[in-house]
Amino acid sequence: MKKIIYVLVLVLCFFSCEEDHVPKPNGFLRLEYPEAVYKTSTFDMPVTFEINELASKIKFQKVEAPTESYGVNLEYPSLKGTVFLTYKSIENSEENLKDFLRDAQNFTQKHTIKADEIPVRPYENFKRKVYGAFAEVKGDVASPAQFYVTDSVQHFLTGSLYFYAKPNYDSILPAAHYIEKDIRHIMETVKWK
């Protein structure tokens, strides 16, 4: 009798499952951001550039420092991120420029502890005399993007992107890519006064 039950169970197992069961693939969150609409900045500083209208909260201040300096925060509330921009006037031409470049590059290099990769792309626009670099910092870092541009004589603009969340590269990646496009657009539209 036991043998008959075992045979029945085996027969049922073989014939009861006609279709193959395949596990479902993981679902991914689909984030759609509006197409960027740019407008020229109207800050009272020696440089203009175009900013995305999605950066709805903008803070501007003149900083009292040894050189003429300005700070601009472009806040993206819907993306929970901010681009911090700092403009500095180059006064002792070569000496100040070297210090500013060293500070900007050291800031990026401080992220090497947590970063998986830091590709740096140089930027040059000879017609408008804008030279600089854009660094995308990949990994669980505080600032996933930094840049600087200069005319090498009078002007120096630097910026970095921060999010209001614990760094988790996979989670912030779509928002980071969206804002990185805006940062590149800032670099491409810089005009020195």
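A few points about this structure:
- Checking Lys88, Lys80, Lys98 one by one, the residue that is buried (at least 20 other Cβ atoms within 10 Å of the Cβ) and either out of contact with any Lys or Arg (no Cβ under 9 Å at 6 or more places or on another chain) or farther than 28 Å from Tyr169 by Cα (or both) is Lys88 and no other.
- Taking (1) part of a strand (DSSP E or B); (2) on the phi > 0 side of the Ramachandran plot in turn, Val149 satisfies each apart from (2).
Residues are listed down the side, and each one gets a yes or a no for (1) assigned to a helix (DSSP H, G or I); (2) touching a Lys or Arg at 6+ places or on another chain (Cβ under 8 Å); (3) in contact (Cβ under 8 Å) with a residue 24 or more places away in the chain:
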{"site": "Ser160", "(1), (2), (3)": "no, no, yes"}
{"site": "Ala165", "(1), (2), (3)": "no, yes, yes"}
{"site": "Tyr178", "(1), (2), (3)": "yes, no, yes"}
{"site": "Lys181", "(1), (2), (3)": "yes, no, yes"}
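- Residues of the range 85-105 satisfying the condition of being hydroxyl-bearing (Ser, Thr, Tyr) and either closer than 17 Å to Glu64 by Cβ or not in a helix (DSSP H, G or I) (or both): Thr86, Tyr87, Ser89
- Qualifying position, being hydrophobic (A, V, I, L, M, F, W, C), outside any loop (DSSP other than H, G, I, E, B), modelled with pLDDT of 70 or more and surrounded by fewer than 10 Cβ atoms within 10 Å (Cβ to Cβ), among Ile51, Ile5: Ile5
The values are calculated or read from the model by the stated rules, or taken from the named source; none is laboratory data. Since this is a predicted model, take the numbers as computed values, not measurements. A quick note on method: Cβ atoms are made from the backbone with ideal geometry, for glycine too, and the neighbour counts reach across all protein chains shown.
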